[in-house]
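Some notes on the structure that comes next.
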């Protein structure tokens, strides 16, 4: 199953690299967002309990999440393209497990997101954030978990879509708000009650906590921090749930109506 | 190799469309090593049957056995015996020929030395050997189809399913593809089931099955099918088809069949066609635009059975 998934993921990755516009778009857009919004809000930003944290720094993990979100959106759109072009048929007829089909796409999306976020991690020292080897390891783990969640969620929604414009709509009203209300743009603590409630159940908010952790705490502290462990559990659950959900969607075959006797 | 029994497929009703029966209690057997063409007007249920055969949808009722395996109960075993060429290209245009083939091999768990061997074998008949590094995107339509077929051969299937594989190819390329397919089929003793409504492709087939409205109308060798129409027929064209047809029936007591602006006298006995033609010309010279004696082709059989031409079927559209 894994060799098939890896073969499919490799295809995603090669395709991504062969489309320079996609590479530029997905890398440059979040960075521009970060630089423009970050610089603009820098002077007016004061987060409670985060004194001394500039907005550029606050927004930094949020931009990572944004990269993952975009990587997942783009790789989900390729599901619709594959179906349109016909490639998907040959995968569906092959004697491969349905999970391998899901994992292939998701791992492809994750690997693309990883390249981007790892490149972006280079910016950390310039923000005054220092990462030890242990923290870096935890950071990479949280990258993988968070982008798996995004990619699996994208897959889940894109599978039954027949047009990429329809998927854009879903993305704008569902995936983007999840990101906006994750605490990526502004801290959860200051938000009005209802918003606070939404942000508490939002898995992306937990993914953000998961990713922010390694920048500010030592690995040993993190492992004892219940808030971080909760975020870890929620993020794993989020990814797993959408992976399984996606699998059951792929499994579903079109069926003839039962005959009336 | 394929045994379809009492297959029925009904598309469930949705909010806007009522329930629709695509396949109606159809039984069809394709023997091992046969080259079978499945034809029928659009909307006859060919595509539905094809989707069911390759395991993409479950029928409402009936059974299908492929190489002895029950397709509906043990799909994995049945699928391992077959390879499918779809109408729309199932290769990734952004990848090179070699990458596409490798990916397909990976899907079927073929690797290493085994892969190298199978690759040589699968590529032997193609013009692709020097173009493996090129992206499929820049290949001609004919070569892109060769990639599809090569991909299928990698898995050494016993059954090859093809859904209108020559759509969009020019006549010469189409001919070359079908000829190659026949050579491969003979050489490897494959069973081939191919949907098509290009009748020149069907002439060399072992069997031609014709469907209409979800039912099987005929399933026989091309010779036998042509034999149904006699060895010759008279076809005439007129501007007043309806009136002329009525007069021919009344005056001469001949059985006719009208098709567009054509009147066909299909059941003429051997040697009888010429006298009939002369008689018709003598009586109705003024109304006849053209008249000819024809050897029935498979297209004529199709018209006879389904009441429409392949061109009509195309124009009708839909699925």
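The values are calculated or read from the model by the stated rules, or taken from the named source; none is laboratory data. Everything numeric in this text was worked out from a predicted model, so none of it was measured. Note: ideal-geometry Cβ built from the backbone for every residue, glycine included; neighbour counts use all protein chains shown.
Being buried (at least 16 other Cβ atoms within 10 Å of the Cβ) and over 14 Å from residue A:103 (Cβ atoms) is the filter here, so list the residues in region A:237-248 that pass it.
The answer is A:238, and nothing else.
Just one of (1) modelled with pLDDT of 90 or more; (2) more than 26 Å from residue B:53 (Cα to Cα); (3) more than 13 Å from chain A (Cβ to nearest Cβ) trips up residue B:192, so point out which.
(2)
Being in contact with a helix residue (DSSP H, G or I) (Cβ under 7 Å, 6 or more places away or on another chain) and more than 7 Å from chain A (Cβ to nearest Cβ) is the filter here, so list the residues in region B:71-90 that pass it.
Selection gives B:71, B:83, B:85.
Given the criteria closer than 30 Å to residue B:52 by Cα, out of contact with any strand residue (DSSP E or B) (no Cβ under 9 Å at 6 or more places or on another chain) and either within 14 Å of chain B (Cβ to nearest Cβ) or surrounded by fewer than 20 Cβ atoms within 10 Å (Cβ to Cβ) (or both), does residue A:52 qualify?
Working: closer than 30 Å to residue B:52 by Cα: no; out of contact with any strand residue (DSSP E or B) (no Cβ under 9 Å at 6 or more places or on another chain): yes; either within 14 Å of chain B (Cβ to nearest Cβ) or surrounded by fewer than 20 Cβ atoms within 10 Å (Cβ to Cβ) (or both): yes.
Here the answer is no, as residue A:52 does not meet what is asked.
I'd like to know if region B:73-83 contains one or more residues that are in a loop (DSSP other than H, G, I, E, B) and buried (at least 22 other Cβ atoms within 10 Å of the Cβ).
no
Select from region B:4-31 the residues that are more than 10 Å from chain A (Cβ to nearest Cβ) and over 26 Å from residue B:299 (Cα atoms) and list them in ascending order.
Hits for region B:4-31 are B:5, B:6, B:14, B:15, B:16, B:17, B:18.
Per-residue answers, yes or no, for (1) modelled with pLDDT under 90; (2) under 17 Å from the mean Cα position of the chain (by Cα); (3) outside any helix (DSSP H, G or I); (4) surrounded by 17 or more Cβ atoms within 10 Å (Cβ to Cβ):
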site	(1), (2), (3), (4)
B:8	no, no, yes, yes
B:13	yes, no, yes, no
B:18	yes, no, yes, no
B:21	yes, no, yes, yes
B:29	no, yes, yes, no
B:38	no, yes, yes, yes
B:43	yes, yes, yes, yes
B:62	no, no, yes, yes
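When you scan region B:22-37, do you find a residue that is out of contact with any strand residue (DSSP E or B) (no Cβ under 8 Å at 6 or more places or on another chain) and closer than 30 Å to residue B:187 by Cα, even just one? Steps first, answer last, please.
Of all residues in region B:22-37, those out of contact with any strand residue (DSSP E or B) (no Cβ under 8 Å at 6 or more places or on another chain) come to none.
Scanning region B:22-37, I find no residue that is out of contact with any strand residue (DSSP E or B) (no Cβ under 8 Å at 6 or more places or on another chain) and closer than 30 Å to residue B:187 by Cα, so the answer is no.
Could you check region B:150-170 and list, in sequence order, the residues that are touching a strand residue (DSSP E or B) at 6+ places or on another chain (Cβ under 6 Å) and assigned to a helix (DSSP H, G or I)?
B:152
Only one residue in A:16, A:2, A:33 is within 21 Å of residue A:119 (Cα to Cα), touching a residue at least 12 places away in the same chain (Cβ under 8 Å) and within 14 Å of another protein chain (Cβ to nearest Cβ), so which one is that?
Just a single option satisfies the conditions, and that option is A:16.
Among the residues of region A:92-107, count how many are within 12 Å of chain B (Cβ to nearest Cβ) and touching a helix residue (DSSP H, G or I) at 6+ places or on another chain (Cβ under 6 Å).
Step one: filter region A:92-107 for residues within 12 Å of chain B (Cβ to nearest Cβ), giving A:92-98, A:100-101, A:104.
Those still in the list that are touching a helix residue (DSSP H, G or I) at 6+ places or on another chain (Cβ under 6 Å) too: A:94-96, A:98, A:100-101, A:104.
Looking only at that region, the number is 7.
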